[in-house]
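What follows is a set of notes on a single structure, which appears directly below.
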Amino acid sequence: MQRAESLFRGELIPPGATVLCAVSGGADSVCLLSLCRELPGRRILCAHFDHGIRGEESRRDAAFVESLCRSWDIPFYCRRGDVPACARERGLSLETAGRELRYAFLRETAEKTGADLIATAHNLNDNAETLLFRLARGTGLRGLTGIPACRDGIVRPMLDIPREDIESYLRERGISWVEDSSNALDAAARNRIRHSLLPLLESVHPGAGENIARSVQNLREDEDCLTTLAAEKLRAWGERLPAAELLALPRAISSRVLRQWLGAELPRERVDALLALCESRSGALTQAAGRQVRRDFDELVIDEGESPALATRPIVPGERVELPEAGLVLMCEKRLPGAEIQSSFTTFSFPCDNICDKLSVTCRREGDRIALPGRNGTKPLKKLFIETRIPARSRESVPVIRRGDAVLAVYGLGQAEDSLPGPEEEFLCLRFENME
């Protein structure tokens with residue numbers, strides 16, 4: 001049987017690092033503290049959290065860990081929490097409330113002490129139990145990858161060590177530990193897996209725990225590969241996902257693209273809804289991860305809500321008009337006859353006669369039409385917006401230049417063909433620029 005030292009993943013704690021070990025006083029965490037202190041060139045600290053559940057036994061555990069740290073000359077940090085009260089206040093199970101309070105204490109202590117890493121004593125059996133628990137509850141491939149060896153500043157260097165090797169290591173060195181009496185109870189689902197299911201699997205196939213842990217490693221490698229492929233797709237596409245291309249991907253990749261895009265875990269039914277949106281008409285919406293996702297023409301976009309409607313503002317020659325709703329500034333200048341006449345998607349020129357003091361910039365209005373050059377007559381703005389793929393949520397902030405109610409020009413679309421000045425006319429030049 002391999003010994004604990006050979007399976008301990010000390011490379012997760014680089015030389016020169018300060019590591020805060022989470023130590024309950026049980027065999028696993030005492031073994032962790034012992035193995036860590038044997039690593040050369042590392043500074044080891046110890047943190048103990050008293051859950052306030054087991055009364056005198058909890059106080060005994062804290063005193064044991066403190067005494068152990070004193071004998072090993074390891075700095076010791078302790079906090080007592082009221083897990084039952086926290087569970088009642090937040091509507092959580094005792095296990096969940098305890099985990100939240102414990103990790104909050106560990107992170108605060110790591111920050112206070114300048115620790116680079118937090119180390120916990122999860123072992124091979126814990127990983128096997130986690131896989132079985134998640135499998136029974138129903139999970140995807142990521143859930144079957146078990147407990148990560150390193151994530152968010154927390155390392156678990158004992159994930160490859162079976163529990164029996166941990167106890168053998170401690171006995172050989174004459175290192176004592178304390179037993180948590182609640183671990184003998186079957187109230188918690190994980191305890192029932194530990195006491196009943198895993199031993200039953202071992203009776204069916206000896207070495208079941210280690211085999212399950214090996215399967216976890218294989219599944220993690222597959223998950224890492226699929227996650228990387230999804231990340232590459234997302235980098236290529238950016239913030240807007242091409243619906244047809246997303247739908248054509250294998251579901252194992254498209255579901256991961258969606259999860260990474262939204263930055264959240266998504267249950268299968270939410271992934272189904274998002275993929276169904278790829279086949280919907282433009283403008284269709286669905287909810288996912290607390291956000292609205294919209295089919296915007298041929299793409300999926302995260303809907304941040306409609307842009308504010310552009311307020312009506314008069315246009316006065318020589319004055320600057322700020323349009324914060326559109327992120328634009330409108331400059332208006334008079335030009336003498338013979339000056340270059342400019343007409344583009346963002347710059348427009350109009351004859352001065354009968355136009356000064358009558359121009360305004362507004363949002364679109366119901367029934368608006370314009371005759372753009374080369375478009376064979378007038379067309380509704382609504383149709384032009386659709387043709388040029390201006391998203392529906394942004395259309396109210398597109399600037400429209402008017403004389404009275406008549407539409408003379410639309411930012412991004414162009415100028416009415418009958419509104420250009422003659423070569424010998426004095427004219428107004430209107431130029432849009434970004435507010436920056």
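Tell me the residue from GLU89, GLU66, GLU100 that is assigned by TED's automatic domain parsing to the domain that holds ALA189 and exposed (fewer than 14 other Cβ atoms within 10 Å of the Cβ), please.
Every option except GLU89 fails the conditions.
Would a scan of region 249-260 turn up a residue that is at pLDDT below 95, surrounded by fewer than 16 Cβ atoms within 10 Å (Cβ to Cβ) and within 16 Å of the chain's Cα centre (by Cα)?
Yes, that holds for at least one residue.
I need every pair where a residue in region 15-30 that is over 24 Å from GLU172 (Cβ atoms) has its Cβ under 8 Å from the Cβ of a residue that is of a type in the set (Gly, Ala, Ser), sequence separation at least 6 or different chains.
Qualifying pairs under 8 Å: PRO15/GLY41; GLY16/GLY41; THR18/GLY114; THR18/ALA115; LEU20/ALA47; LEU20/ALA110; LEU20/ALA115; LEU20/ALA119.
Answer yes if at least one residue in region 200-223 is closer than 26 Å to ARG393 by Cβ and either outside the structural domain of ILE390 (by TED's automatic domain parsing) or touching a helix residue (DSSP H, G or I) at 6+ places or on another chain (Cβ under 9 Å) (or both), and no otherwise.
No; the residues of region 200-223 include none that is closer than 26 Å to ARG393 by Cβ and either outside the structural domain of ILE390 (by TED's automatic domain parsing) or touching a helix residue (DSSP H, G or I) at 6+ places or on another chain (Cβ under 9 Å) (or both).
For residues in region 285-311 being under 13 Å from SER394 (Cα atoms) and of a type in the set (Asp, Glu), which is modelled with the lowest pLDDT?
Out of the qualifying residues, it is GLU306.
For residues in region 271-297 being in contact with a Ser or Thr (Cβ under 8 Å, 6 or more places away or on another chain) and of a type outside the set (A, V, I, L, M, F, W, C), which is farthest from ARG364 (Cα to Cα)?
Within region 271-297, the match that is farthest from ARG364 (Cα to Cα) is GLN292.
How many of the residues making up region 1-30 are polar (S, T, N, Q), assigned to a loop (DSSP other than H, G, I, E, B) and either over 24 Å from ARG99 (Cβ atoms) or under 31 Å from the mean Cα position of the chain (by Cα) (or both)?
Number satisfying all stated conditions: 1.
Mind telling me which of the residues SER203, SER176 ends up being within 17 Å of LEU132 (Cα to Cα) and surrounded by fewer than 16 Cβ atoms within 10 Å (Cβ to Cβ)?
SER203
Scanning for something in contact (Cβ under 8 Å) with a residue 60 or more places away in the chain, surrounded by 17 or more Cβ atoms within 10 Å (Cβ to Cβ), assigned to a helix (DSSP H, G or I) and of a type outside the set (Asp, Glu), does region 135-143 turn up at least one residue?
Checked against the condition, which is being in contact (Cβ under 8 Å) with a residue 60 or more places away in the chain, surrounded by 17 or more Cβ atoms within 10 Å (Cβ to Cβ), assigned to a helix (DSSP H, G or I) and of a type outside the set (Asp, Glu), region 135-143 yields no hits at all.
Part of a loop (DSSP other than H, G, I, E, B) and at pLDDT 90 or above, is that true of SER168?
The answer is no for SER168.
Tell me yes or no: at least one residue of region 48-57 is in contact (Cβ under 8 Å) with a residue 40 or more places away in the chain, part of a strand (DSSP E or B) and surrounded by 14 or more Cβ atoms within 10 Å (Cβ to Cβ).
The answer is yes; a qualifying residue exists.
Residue check: is GLU129 at pLDDT below 95 and either within 20 Å of GLY153 (Cα to Cα) or buried (at least 19 other Cβ atoms within 10 Å of the Cβ) (or both)?
Yes; evaluated as a whole, the condition is true for this residue.
Being crowded, with 16+ Cβ neighbours inside 10 Å, free of Cβ contacts under 8 Å to residues at least 40 places away in the same chain and not aromatic (Phe, Trp, Tyr) is the requirement here; does VAL271 meet it?
Considered against the rule, which asks whether it is crowded, with 16+ Cβ neighbours inside 10 Å, free of Cβ contacts under 8 Å to residues at least 40 places away in the same chain and not aromatic (Phe, Trp, Tyr), VAL271 comes out as yes.
If ASP160 satisfies all but one of (1) part of a helix (DSSP H, G or I); (2) outside the structural domain of VAL293 (by TED's automatic domain parsing); (3) among the acidic types (Asp, Glu), what's the number of the condition it fails?
Result: ASP160 fails condition (1) only.
Does at least one position in region 261-272 carry a residue that is within 15 Å of LEU229 (Cα to Cα) and not hydroxyl-bearing (Ser, Thr, Tyr)?
Yes, some residue in region 261-272 is within 15 Å of LEU229 (Cα to Cα) and not hydroxyl-bearing (Ser, Thr, Tyr).
Among the residues of region 292-305, is there at least one that is under 25 Å from the mean Cα position of the chain (by Cα) and free of Cβ contacts under 8 Å to residues at least 40 places away in the same chain?
yes
Looking at (1) surrounded by 15 or more Cβ atoms within 10 Å (Cβ to Cβ); (2) not in a helix (DSSP H, G or I), find the lone condition where LEU246 falls short.
If we test LEU246 against (1) surrounded by 15 or more Cβ atoms within 10 Å (Cβ to Cβ); (2) not in a helix (DSSP H, G or I), just (2) comes out false.
What about ILE401, is it hydrophobic (A, V, I, L, M, F, W, C), crowded, with 16+ Cβ neighbours inside 10 Å and either within 26 Å of MET435 (Cα to Cα) or assigned by TED's automatic domain parsing to the domain that holds ARG320 (or both)?
It is true that ILE401 is hydrophobic (A, V, I, L, M, F, W, C), crowded, with 16+ Cβ neighbours inside 10 Å and either within 26 Å of MET435 (Cα to Cα) or assigned by TED's automatic domain parsing to the domain that holds ARG320 (or both).
Hey, PRO157 hits all of (1) at pLDDT 85 or above; (2) under 25 Å from the mean Cα position of the chain (by Cα) but one; which does it fall short on?
(2)
The values are calculated or read from the model by the stated rules, or taken from the named source; none is laboratory data. Because the structure is predicted, anything quoted here is derived from the model rather than measured. When we count neighbours, we look across all protein chains shown, and the Cβ atoms used for this are built from the backbone with ideal geometry, even at glycine.
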